[in-house]
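Peer 1: Shown below is the structure under consideration.
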Amino acid sequence: MSFVFIERESDAEELASELASGAPFALDCEAAGFHRYSDRLCLVQVTTGSGRDFILDALAFDVGGVLKGPLEDPSVPVLMHGADYDLRLLDRDVGIRLQGLVDTQVAASLLGERALGLAALLEKFLDVRLAKKFQRADWARRPLPDEMLDYAAKDTRFLHELVGRLQAELTTAGRIDWAREEYRKLEEVRWEGDSEEDPVVRVKAARDMTPRGVALLRAALAWRDEVAKKRDKATFRIASDQVLIDVVTDRPRSVGALANTKGMNGRLAEEEGAALLERLEAVDAIAEADLEGYPPRVRTGPGRPPPEVEELADRLKSVRNSRAESLGIDRGTLLPNAALLEIARVGPRSAEELSSVAGLRQWQLEVVGPGLLKILAS
């Protein structure tokens with residue numbers, strides 16, 4: 001095998017020794033959210049500075065004992081691709097708040113690359129082609145075949161070389177400081193907790209349902225969630241939204257009728273369907289006046305800006321768009337529309353005031369700030 005698979009902390013001495021050297025290392029994570037109810041951390045892949053590939057089984061032992069020190073040392077570069085979600089997983093499941101990040105997706109975006117996936121970048125810069133066979137594999141299954149593990153190892157195997165190419169191009173383009181600022185900002189990402197929003201808002205058809213229909217759908221979604229959690233399966237693998245909508249619309253009155261609903265797993269209906277029918281019958285007993293229908297829309301932002309602010313934001317966008325085109329990078333990478341709207345709301349008149357607008361990076365202020373201030377002063 002071209003990798004070392006570690007299932008116990010006591011077997012991680014070689015990896016720990018290499019990480020203690022302070023050399024840059026590449027890191028990636030695999031979770032199980034596509035297949036399982038929980039998206040818990042399953043694997044952590046590491047390619048060390050010497051080029052050795054290690055894979056840690058995060059379901060078998062607490063990988064934090066091996067990784068926490070090196071990952072939280074700001075002097076050690078940690079090479080990743082599209083790190084946002086992995087950083088959240090490490091924070092939630094291992095209590096690690098990574099520092100020293102170098103993210104190839106961020107680097108590529110600042111170079112104006114349009115295709116930002118790892119496979120696309122490896123093919124363009126290194127002529128390496130990654131297979132997609134296990135792109136949606138179940139990383140929580142055990143044992144994992146060697147073929148899957150080797151596939152996982154390739155997510156870090158080429159990052160050292162890719163980082164070298166991208167960082168060199170950033171330096172040549174005078175954008176390496178832009179990237180470093182973005183890396184440090186990305187390091188601040190934290191797990192924000194599970195959403196407590198009403199589950200019916202994630203089902204588009206619920207908006208057009210009667211209050212009783214919404215209440216029935218809510219009960220069906222709660223049933224699906226409980227079954228998914230008990231069986232550790234992704235909710236859509238229990239029943240699709242459309243199946244549940246059909247159930248609450250057609251109202252099968254027996255487990256047999258439920259099993260015959262198009263798209264419903266017959267065996268699941270036989271084993272768990274009675275509980276679903278009971279939940280729906282309980283909703284039937286609720287008086288019309290006591291039904292909880294579709295939740296009212298809650299405004300979390302300041303609402304639609306006045307026309308003069310929108311007009312100013314449009315003029316700021318024209319400056320941003322022109323500058324982005326000249327730099328050859330995506331407009332949103334240079335400065336998101338939300339940031340431009342906030343600038344228009346605040347109306348700063350000086351570089352100092354502009355720098356106080358929340359979310360703006362120093363490199364953005366330097367690159368596009370002067371042009372924005374000309375519009376703001378006019």
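Peer 1: Having 2 or more residues that are in contact with an Asp or Glu (Cβ under 8 Å, 6 or more places away or on another chain) is the bar; report the helices (runs of 4 or more DSSP H) wholly within segment 259-378 that clear it.
Peer 2: By residue number, 337-346, 362-377.
Peer 1: Suppose we keep only residues that are of a type in the set (Ser, Thr, Tyr) and either at pLDDT below 95 or surrounded by fewer than 16 Cβ atoms within 10 Å (Cβ to Cβ) (or both) within segment 48-102. Which one would you say is farthest from Trp191 (Cα to Cα)?
Peer 2: Among residues in segment 48-102 that are of a type in the set (Ser, Thr, Tyr) and either at pLDDT below 95 or surrounded by fewer than 16 Cβ atoms within 10 Å (Cβ to Cβ) (or both), the one farthest from Trp191 (Cα to Cα) is Ser50.
Peer 1: Just to be sure I understand the filter: pairs with C-beta atoms under 7 Å, separated by 6 or more residues or on different chains, first member in segment 111-133 and closer than 18 Å to Met80 by Cα, second member among the basic types (Lys, Arg) and exposed (fewer than 13 other Cβ atoms within 10 Å of the Cβ). Which pairs pass?
Peer 2: Partner pairs satisfying both residue conditions: Glu123/Arg129.
Peer 1: Still on this model: Quick one: which of Ala239, Ala285, Ala269 is surrounded by 12 or more Cβ atoms within 10 Å (Cβ to Cβ) and more than 20 Å from Ala206 (Cβ to Cβ)?
Peer 2: Selected residue: Ala269, the only one of Ala239, Ala285, Ala269 that is surrounded by 12 or more Cβ atoms within 10 Å (Cβ to Cβ) and more than 20 Å from Ala206 (Cβ to Cβ).
Yes/no matrix, rows are residues, columns are (1) among the acidic types (Asp, Glu); (2) surrounded by fewer than 19 Cβ atoms within 10 Å (Cβ to Cβ):
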| residue | (1), (2) |
| --- | --- |
| Asp314 | yes, yes |
| Ala324 | no, no |
| Val346 | no, yes |
| Gln362 | no, yes |
| Leu372 | no, no |
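Peer 1: How do the pairs read when you match residues in segment 343-363 that are over 24 Å from Ile176 (Cβ atoms) with residues anywhere that are loosely packed, with under 12 Cβ neighbours inside 10 Å and not charged (D, E, K, R), using Cβ under 7 Å and keeping only pairs 6 or more apart or on different chains?
Peer 2: Arg349/Ala377
Peer 1: Sort out for me the helices (runs of 4 or more DSSP H) sitting completely within segment 77-143 that have 1 or more residues that are out of contact with any Ser or Thr (no Cβ under 8 Å at 6 or more places or on another chain) and more than 27 Å from Lys233 (Cβ to Cβ).
Peer 2: 104-110, 118-126
Peer 1: State which residue pairs qualify: first residue without any contact (Cβ under 8 Å) to a residue 40 or more places away in the chain and inside segment 90-101, second residue basic (Lys, Arg) and part of a helix (DSSP H, G or I) in any location, beta carbons under 8 Å apart, and separation of 6 or more residues or different chains.
Peer 2: Gly95/Lys68; Ile96/Lys68
Peer 1: If you check Ala179, Ala168, Ala153, Ala119, which single one turns out to be under 19 Å from the mean Cα position of the chain (by Cα), among the small types (Gly, Ala, Ser) and modelled with pLDDT of 95 or more?
Peer 2: Ala119
Peer 1: Condition first: over 24 Å from Tyr85 (Cβ atoms), without any contact (Cβ under 8 Å) to a residue 60 or more places away in the chain and of a type in the set (D, E, K, R). Can you find one or more residues in segment 23-42 that meet it?
Peer 2: Scanning segment 23-42, I find no residue that is over 24 Å from Tyr85 (Cβ atoms), without any contact (Cβ under 8 Å) to a residue 60 or more places away in the chain and of a type in the set (D, E, K, R), so the answer is no.
Peer 1: I'd like the full set of residues that are at pLDDT below 95 and of a type in the set (S, T, N, Q), limited to segment 357-378.
Peer 2: If the condition is that a residue be at pLDDT below 95 and of a type in the set (S, T, N, Q), then Ser378 is the only one that fits.
Peer 1: Could you tell me which numbered condition Ala23 fails, if it satisfies all but one of (1) at pLDDT 95 or above; (2) in a loop (DSSP other than H, G, I, E, B); (3) surrounded by 15 or more Cβ atoms within 10 Å (Cβ to Cβ)?
Peer 2: (3)
Peer 1: Let me confirm something: among Arg184, Arg142, Arg190, which residue is surrounded by 14 or more Cβ atoms within 10 Å (Cβ to Cβ) and of a type in the set (Lys, Arg)?
Peer 2: None of the other options fit; the residue is Arg184.
Peer 1: Check whether at least one residue in segment 329-340 is at pLDDT 95 or above, surrounded by 14 or more Cβ atoms within 10 Å (Cβ to Cβ), of a type in the set (Gly, Ala, Ser) and within 29 Å of the chain's Cα centre (by Cα), and report yes or no.
Peer 2: So far as segment 329-340 goes, yes, one or more of its residues are at pLDDT 95 or above, surrounded by 14 or more Cβ atoms within 10 Å (Cβ to Cβ), of a type in the set (Gly, Ala, Ser) and within 29 Å of the chain's Cα centre (by Cα).
Peer 1: Test of understanding: among Ala313, Ala285, which residue is under 30 Å from Leu116 (Cβ atoms) and either modelled with pLDDT of 95 or more or in the same structural domain as Ala206 (by TED's automatic domain parsing) (or both)?
Peer 2: None of the others qualify; the one that does is Ala313.
The values are calculated or read from the model by the stated rules, or taken from the named source; none is laboratory data. Note that the coordinates shown come from a computational prediction; the quantities given were computed from them, not determined experimentally. When we count neighbours, we look across all protein chains shown, and the Cβ atoms used for this are built from the backbone with ideal geometry, even at glycine.
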